[in-house]
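Everything on this sheet refers to the single structure shown next.
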Amino acid sequence: MQHIRIGSRGSDLALWQANHVKNQLEALGCTVTITIITTQGDAIQDLSFDKLEGKGFFTKEIEQALLDNTIDLAVHSHKDLETNQPAGLQIACVSERENPADILLIAKHAVDPSQKWKVKEMAVVGTSSARRKSQVIAFRNDVEIKDLRGNVPTRIQKLRDGHYDAILLAKAGVDRLKIDLSEFEEVVLDPTEFVPAPAQGVLALQIREADTTLFEVLQKMNHPEVQKRIAVERKVLNLMQGGCQLPLGVYCNEEETVYVSYTADWENGAAWYEYSADDLTDLAEIIVEDLLEQE
């Protein structure tokens, strides 16, 4: 029986994800413990992502723990991971994909069914994501966008407290935490129109390259079809040299049509693109060539 030490951020969602993986590993006969690790993204709460320096805000400290051999397995939201793996580490397994969509949570006083997404004119909308900002202002240039940081329950509480009229969240995180949203109007945004972050809704299980025994165990939990589709999404992100600060959405659906939103500067508003091919192999390169031509 193998003992596996999981490293995780300490947020409610990160711990749900770590425990989800722990339960799967225990079902395979492993023993598992979870260690909480604080990351830069957790420690710095007063800046939006586009003002933080570098990449890997929610992952670097956990990856270092892997390299230092103080943990054996890191459980990440795949969308938080840099596209270039640190030397000595690999993604051994990806999870099933939860609903990849973003949701708009609207305070009841700010609901207007006559408007796009049912949010009133001149509403204050909370998000710190350049990708989300770029798409919101392209659809609704009347609204005011105000930065919003914190874990999922914290962000929802800020909406409840009246700091915003509406906020944007990933549906997968809200679903995993089983949060009661009945006091708000919840609008699920079509991911082919409001394009998610690459690999949104997917967990990445990261290990040391040398740990071949654990790699073999994790293959029993891997989802190759999800892996194939998000590889295209993340390859686009990689070729665009982007991270959390890049106003880029990429989504490959189960029919292998790829939807993209992009702008060089979120304040200009996003533009949208759609691609399909019989073979996904070189599609990311074609997409990026197109995007760079638009700049």
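The values are calculated or read from the model by the stated rules, or taken from the named source; none is laboratory data. What you are looking at is a predicted structure, and each value in this text was computed from that prediction instead of being measured. Ideal geometry is used to build each Cβ from the backbone, glycine not excepted, and the neighbour counts take in all protein chains shown.
A few remarks follow.
- Search result, residues across the stretch 271-291 that are more than 14 Å from P191 (Cα to Cα) and touching a Ser or Thr at 6+ places or on another chain (Cβ under 8 Å): A271, Y275, S276
- Residue within the stretch 209-217 that is closer than 19 Å to T59 by Cα, of a type outside the set (F, W, Y) and in contact with a Gly (Cβ under 6 Å, 6 or more places away or on another chain) present: yes
- Residue within the stretch 159-182 that is in a loop (DSSP other than H, G, I, E, B) and touching a Ser or Thr at 6+ places or on another chain (Cβ under 8 Å) present: no
- Search result, residues across the stretch 161-190 that are touching a residue at least 24 places away in the same chain (Cβ under 8 Å), over 14 Å from A101 (Cα atoms) and charged (D, E, K, R): D165, E183, E185
- Of residues in the stretch 197-228 being surrounded by 21 or more Cβ atoms within 10 Å (Cβ to Cβ) and closer than 30 Å to D290 by Cα, the one farthest from the chain's Cα centre (by Cα): A204
- Of the residues making up the stretch 11-33, just one is surrounded by fewer than 15 Cβ atoms within 10 Å (Cβ to Cβ), farther than 19 Å from L169 by Cβ and either among the basic types (K, R) or under 24 Å from the mean Cα position of the chain (by Cα) (or both), namely N23.
- Of the residues making up the stretch 104-138, those that are surrounded by fewer than 16 Cβ atoms within 10 Å (Cβ to Cβ), over 17 Å from H163 (Cβ atoms) and either in contact with a helix residue (DSSP H, G or I) (Cβ under 7 Å, 6 or more places away or on another chain) or touching a residue at least 60 places away in the same chain (Cβ under 8 Å) (or both) are D112, K116.
- Some residue of the stretch 207-219 being polar (S, T, N, Q), in a loop (DSSP other than H, G, I, E, B), within 28 Å of Q64 (Cα to Cα) and at pLDDT 95 or above: no
- Taking the stretch 1-33 as the range and being hydrophobic (A, V, I, L, M, F, W, C) and over 19 Å from L89 (Cβ atoms) as the test, the residues that pass are M1, L13, L15, W16, A27, L28, C30, V32.
This table checks each residue for (1) aliphatic (A, V, I, L, M); (2) over 27 Å from I145 (Cα atoms); (3) part of a loop (DSSP other than H, G, I, E, B); (4) within 18 Å of the chain's Cα centre (by Cα).
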{"position": "L246", "(1), (2), (3), (4)": "yes, no, yes, yes"}
{"position": "V258", "(1), (2), (3), (4)": "yes, yes, no, yes"}
{"position": "A264", "(1), (2), (3), (4)": "yes, no, yes, no"}
{"position": "E267", "(1), (2), (3), (4)": "no, no, no, no"}
{"position": "W272", "(1), (2), (3), (4)": "no, no, no, no"}
{"position": "Y275", "(1), (2), (3), (4)": "no, yes, no, no"}
{"position": "D279", "(1), (2), (3), (4)": "no, yes, yes, no"}
{"position": "V288", "(1), (2), (3), (4)": "yes, yes, no, no"}
{"position": "L291", "(1), (2), (3), (4)": "yes, no, no, no"}
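- Being at pLDDT 95 or above and more than 29 Å from R5 (Cα to Cα) is a property that holds for V236.
- Single condition N99 does not satisfy, out of (1) within 19 Å of L181 (Cβ to Cβ); (2) of a type outside the set (S, T, Y); (3) crowded, with 18+ Cβ neighbours inside 10 Å: (3)
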